[in-house]
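K.L.:
What follows is a structure written as structure tokens; I'll ask about it next.
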Amino acid sequence: MRLLIVAAAAVLLLLQVLAAGATRDGAAGRGWEPIKNLNDPYVQEIAKFAIKTHNDEAKTGLVLEKVVKGETQVVAGTNYKLVVAAKDGADTKNFEAVVWDKPWEHFRSLTSFKPV
């Protein structure tokens, strides 16, 4: 009986720790956080991937000019939400791209790409 009570208390404590961890800053499930350095080489790599993947899928010829704004979200990996300026012929247009990145699995996917 005593063992059962100790086990139940341990389970309750674990549930409290998990619940607290899910809501504090830095925990999984948090919202979008701004990217401080838009010129970071990894952010630039993500932006180039988004443009190339969109070009391949939509048969377009966009050319990346710069990353205008960026946010990240920790999920099972990292979502990158980037606003990119890209040349479309003679015009420069802004697009929002969302890329899901899991570098430890060598996985990257363009989940959204739309004009803004």
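K.L.:
Probe 1.4 Å, all protein chains in place: accessible area of Tyr42 in Å², nearest 10?
P.N.:
70 Å²
K.L.:
Let me ask something additional. Within straight cross-link reach of Lys52, meaning Cα distance under 21 Å, which lysines are found once same-chain residues fewer than 8 apart are removed?
P.N.:
Result set, ordered by chain and number: Lys66, Lys69, Lys81, Lys87, Lys93, Lys102, Lys114.
K.L.:
If you plug each phi of the range 81-89 into the Karplus form 6.51 cos²θ - 1.76 cosθ + 1.60 with θ = phi - 60°, what whole-Hz ³J(HN,Hα) values come out, in order, with x for Gly and Pro?
P.N.:
9, 10, 9, 10, 9, 9, 6, 10, x
K.L.:
Which of the three applies to the range 47-110, rounded, prolate or oblate, going by the alpha-carbon gyration tensor with a ≥ b ≥ c and a/c under 1.5 meaning rounded?
P.N.:
oblate
K.L.:
How much FRET efficiency would the formula 1/(1 + (r/R0)^6) give for Thr53 and Arg30, where r is the Cβ-Cβ distance and R0 is 22 Å, rounded to 0.05?
P.N.:
The value I calculate is 0.25.
The values are calculated or read from the model by the stated rules, or taken from the named source; none is laboratory data. Model, not experiment: these values are computed from the prediction. When we count neighbours, we look across all protein chains shown, and the Cβ atoms used for this are built from the backbone with ideal geometry, even at glycine. Heads up: the accessible areas ignore ligands, DNA and RNA and are worked out on the full protein's heavy atoms, side chains in. Shrake-Rupley method; radii C 1.70, N 1.55, O 1.52, S 1.80 Å.
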